[in-house]
């Protein structure tokens with residue numbers, strides 16, 4: 001039977017045949033954690049009592065929480081490094097770079113599987129891996145040798161033809177995908193890129209596309225591993241890690257999209273959604289206050305060489321702030337060697353460290369009512385740190401052109417495109433990567449690292465009040481924000497729980513605790529965005545017992561399940577009828593015949609679910625960690 005690239009890799013690491021829509025146990029060969037989600041993943045791994053990780057390779061990165069306003073972030077980095085040394089993870093030190101950029105450069109392997117505690121772990125699909133974002137508990141379980149439970153996805157084939165024109169880039173490709181299918185168009189599916197146009201895209205460009213495929217709701221995105229992939233691995237002095245992985249000539253896709261790269265033009269995502277895409281030429285002239293270049297989406301060497309060459313000999317307007325976040329030390333070293341870093345500094349750019357920085361809300365919040373252009377992957381309301389800011393997503397080319405002019409500018413108006421000279425070999429410096437040894441290690445725990453809370457098994461009947469009724473596309477940022485103020489508390493569940501739904505209701509946590517918990521009702525695509533499991537863990541700590549939504553984002557539904565919150569689906573008509581303050585009784589005795597009574601008005605609600613038999617067992621156990629530990633006894 002002919003297979004796509006995704007089907008070939010998944011078939012290798014599951015037992016039995018690839019049957020779309022069936023649940024499968026997927027063997028994970030590689031894992032990735034980072035410091036925003038990794039401390040919790042490490043605490044969960046420790047709770048499983050496994051001495052050493054059981055994957056081929058597990059890597060821990062410090063790249064998100066880099067501002068050291070007090071002891072908390074630095075303490076967490078010490079904890080992550082010591083856990084890595086004790087339990088067999090490779091550790092990428094603070095300053096070495098953004099996890100997805102560094103993983104692509106130094107650790108990616110075509111034909112393998114990777115589970116990352118970051119939704120943009122899908123970047124590695126640019127190198128021909130099945131790379132899936134998940135909650136930290138799922139990654140901790142994979143580190144302990146547990147299989148990852150996956151509903152085998154349908155495959156959307158994205159056929160690329162032609163070649164990108166000057167001033168049009170890989171960012172415009174994924175913005176075009178989002179323009180066509182939106183932020184829910186690939187939920188539960190895989191985006192697989194094929195066609196004659198892929199040979200014209202380098203691995204870092206492919207990584208940009210697979211990285212931001214997450215914003216469509218896709219389980220992952222993937223390119224074949226071909227001659228371009230081999231070239232990249234040779235440049236990284238890792239050609240021995242390369243293998244060819246390509247689809248069979250007669251492979252069939254469940255859906256098809258087509259993009260002619262010849263016809264593509266610069267695109268832009270307007271506030272406040274990555275799916276709100278228009279042509280740059282349609283919105284030109286809007287005054288810009290801030291331009292931020294970087295993030296795991298657009299901080300590769302090619303991206304920053306392009307920006308530096310466009311900015312050469314120019315200077316940003318007096319009222320505009322331009323920041324540059326190199327994706328890795330490798331990228332930064334090349335910019336220094338080629339003198340292109342000097343072009344950026346001379347243009348008035350502020351050079352930030354090799355880290356996520358503004359993308360995660362870790363500094364560089366825009367001014368009040370600012371227009372901020374960012375080469376990032378998300379422009380959710382208030383994610384930048386400034387609620388009134390209008391954040392647009394653009395390519396590096398559009399960012400540079402707009403930084404020069406001070407208004408949103410189609411980069412094609414700049415004239416002749418500069419020559420971008422890529423090196424034959426990349427600079428290889430692994431000095432900031434720590435490989436574990438067999439020496440004994442004591443785990444370092446700062447005072448902000450609190451023990452995991454214990455949760456009771458799910459009762460047969462839930463009787464709770466509807467504490468909140470929310471609309472569509474509620475993000476995990478909205479449930480529990482990131483940023484410099486809140487993320488340092490990620491290892492302290494009682495403290496971080498005080499910020500749950502803060503943007504909706506300042507002291508929601510007090511009301512939730514006073515009520516003894518409750519139920520959340522929401523619309524479509526509940527929990528889209530970041531994989532941060534704290535958006536499930538913290539509500540659970542506050543006593544949230546169930547969520548009744550029209551539909552869920554994949555990772556967040558799994559996180560709710562992992563922490564024993566029942567993720568149920570409410571009928572659209574009944575969603576309209578239920579109100580905040582209603583008291584619901586949910587009978588969970590038989591998941592094939594769920595019964596929900598609104599005791600406030602005496603009506604019955606129609607409730608279903610998409611849980612598997614194993615999901616139900618895990619849910620009744622109180623979550624995945626107690627399920628795993630009970631199974632291991």
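What the table shows:
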item: Residue 307 being assigned by TED's automatic domain parsing to the domain that holds residue 355 and closer than 23 Å to residue 173 by Cβ; result: yes
item: Strands (runs of 3 or more DSSP E) completely within region 161-269 that count 3 or more residues being crowded, with 21+ Cβ neighbours inside 10 Å and touching a helix residue (DSSP H, G or I) at 6+ places or on another chain (Cβ under 9 Å); result: 189-194, 220-222, 267-269
item: Qualifying residue in region 100-109 (condition: touching a helix residue (DSSP H, G or I) at 6+ places or on another chain (Cβ under 6 Å), crowded, with 24+ Cβ neighbours inside 10 Å and assigned to a strand (DSSP E or B)); result: no
item: Criterion violated by residue 171 - all others in (1) touching a strand residue (DSSP E or B) at 6+ places or on another chain (Cβ under 6 Å); (2) within 22 Å of residue 418 (Cβ to Cβ) satisfied; result: (1)
item: Of all residues in region 353-411 being part of a strand (DSSP E or B) and surrounded by fewer than 24 Cβ atoms within 10 Å (Cβ to Cβ), the one that is farthest from the chain's Cα centre (by Cα); result: 407
item: Candidate set: region 528-546, residues that are under 22 Å from residue 186 (Cβ atoms) and touching a strand residue (DSSP E or B) at 6+ places or on another chain (Cβ under 6 Å); chosen: the one surrounded by the fewest Cβ atoms within 10 Å (Cβ to Cβ); result: 529
item: Matching entry among 438, 429 (being in a loop (DSSP other than H, G, I, E, B), without any contact (Cβ under 8 Å) to a residue 60 or more places away in the chain and over 30 Å from residue 493 (Cα atoms)); result: 438
item: Qualifying residues in region 513-524 (those that are surrounded by fewer than 22 Cβ atoms within 10 Å (Cβ to Cβ) and either in contact (Cβ under 8 Å) with a residue 12 or more places away in the chain or within 22 Å of the chain's Cα centre (by Cα) (or both)) - the one farthest from residue 463 (Cα to Cα); result: 524
item: Residue in region 517-529 that is assigned to a helix (DSSP H, G or I), touching a helix residue (DSSP H, G or I) at 6+ places or on another chain (Cβ under 7 Å) and modelled with pLDDT of 95 or more present; result: no
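Each row is one residue, and each column tells you yes or no for (1) in the same structural domain as residue 598 (by TED's automatic domain parsing); (2) under 19 Å from the mean Cα position of the chain (by Cα); (3) not in a loop (DSSP other than H, G, I, E, B).
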site: 546; (1), (2), (3): yes, no, yes
site: 557; (1), (2), (3): yes, yes, yes
site: 564; (1), (2), (3): yes, no, no
site: 580; (1), (2), (3): yes, no, no
site: 584; (1), (2), (3): yes, no, yes
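The values are calculated or read from the model by the stated rules, or taken from the named source; none is laboratory data. Quick caveat, the model's predicted, so the values are computed rather than measured. No Cβ is skipped: glycine too gets one built from the backbone with ideal geometry, and neighbour counts run over all protein chains shown.
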